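A short worksheet on the structure shown next.
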């Protein structure tokens with residue numbers, strides 16, 4: 001990838017690709033059966049990576065890192081990177097499911113509470129006729145269960161594994177077991193399965209268009225306020241970084 005297609009935000013690489021470009025890259029990996037980890041990066045994960053070298057390494061070794069969240073888009077632009085649009089986990093998952101029947105891609109859903117992944121599978125198959133869901137597995141498993149889960153994933157012969165364990169746990173899980181999972185494309189998708197299954201509501205379209213999805217989540221789940229406190233800290237780090245870059249270029 002050329003440098004024109006990649007930003008570096010507080011040490012984390014971000015691929016400056018549109019949704020359609022991300023989907024094309026995933027399609028190429030599926031067709032060639034090339035192993036790839038996809039991370040949908042938001043400001044909270046970037047902030048955590050500042051004090052978590054292992055997480056930072058996982059992000060920078062991933063084959064695709066999408067700008068999930070307006071914080072990443074804003075931060076990139078502050079630092080001079082023309083990031084065109086958000087590519088969120090749920091939007092990427094839905095675009096994959098729309099393209100999957102034509103490409104005959106099989107998808108495995110892993111994560112969320114018991115029953116949620118299977119409910120999400122039914123909803124996706126209703127919305128996208130011909131979609132092949134090769135298997136589902138909830139995310140409330142123990143370490144002792146991992147070998148059996150990986151065996152089930154591999155037996156499914158899926159092309160794309162969607163992991164919804166929450167960030168950064170899902171990114172760490174994918175990275176830890178990458179050598180044992182035979183599914184080529186592995187994607188961390190946060191709380192997407194809860195939304196698709198109907199257990200949580202996504203922000204109205206107008207709020208998404210105005211980049212206020214974070215506010216909707218906070219209003220819907222006031223307990224998230226501690227997590228949202230990361231955002232002003234992220235903004236501060238971006239502005240400090242911007243000042244340092246400007247100072248060095250004088």
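Please enumerate the residues belonging to the range 37-58 that are under 20 Å from residue 5 (Cα atoms), touching a helix residue (DSSP H, G or I) at 6+ places or on another chain (Cβ under 6 Å) and in a helix (DSSP H, G or I).
Listed by number, the residues that qualify are 43, 56, 58.
Output the residues belonging to the range 26-44 that are modelled with pLDDT of 95 or more and within 15 Å of the chain's Cα centre (by Cα).
26, 36, 37, 38, 39, 40, 41 - these are the residues of the range 26-44 that are modelled with pLDDT of 95 or more and within 15 Å of the chain's Cα centre (by Cα).
Restricted to the range 59-71, and to residues that are at pLDDT below 95 and part of a helix (DSSP H, G or I), which residue is surrounded by the fewest Cβ atoms within 10 Å (Cβ to Cβ)?
For the range 59-71, the residue satisfying everything is 70.
State all residues of the range 11-30 that are free of Cβ contacts under 8 Å to residues at least 24 places away in the same chain and farther than 25 Å from residue 74 by Cβ; if no residue qualifies, say none.
24, 28
Specify the residue that is surrounded by the fewest Cβ atoms within 10 Å (Cβ to Cβ); the eligible residues are those in the range 171-201 that are in a loop (DSSP other than H, G, I, E, B) and under 12 Å from the mean Cα position of the chain (by Cα).
Checking each candidate, the answer is 191.
Restricted to the range 16-28, and to residues that are within 20 Å of residue 164 (Cβ to Cβ) and touching a strand residue (DSSP E or B) at 6+ places or on another chain (Cβ under 7 Å), which residue is surrounded by the most Cβ atoms within 10 Å (Cβ to Cβ)?
Once the filter is applied, the top-ranked residue is 26.
Suppose we filter the range 161-170 for residues that are surrounded by fewer than 19 Cβ atoms within 10 Å (Cβ to Cβ) and at negative phi; how many remain?
1
Would you tally the residues in the range 142-160 being surrounded by 15 or more Cβ atoms within 10 Å (Cβ to Cβ) and either without any contact (Cβ under 8 Å) to a residue 12 or more places away in the chain or closer than 15 Å to residue 112 by Cα (or both)?
The number of residues fulfilling the criteria is 1.
Looking only at the range 74-105, which residues are surrounded by 19 or more Cβ atoms within 10 Å (Cβ to Cβ), within 28 Å of residue 123 (Cβ to Cβ) and touching a strand residue (DSSP E or B) at 6+ places or on another chain (Cβ under 8 Å)?
86, 87, 88, 89, 92, 93, 96, 97, 100, 105, listed by residue number.
The values are calculated or read from the model by the stated rules, or taken from the named source; none is laboratory data. The structure displayed is predicted, hence computed values, not measured ones. No Cβ is skipped: glycine too gets one built from the backbone with ideal geometry, and neighbour counts run over all protein chains shown.
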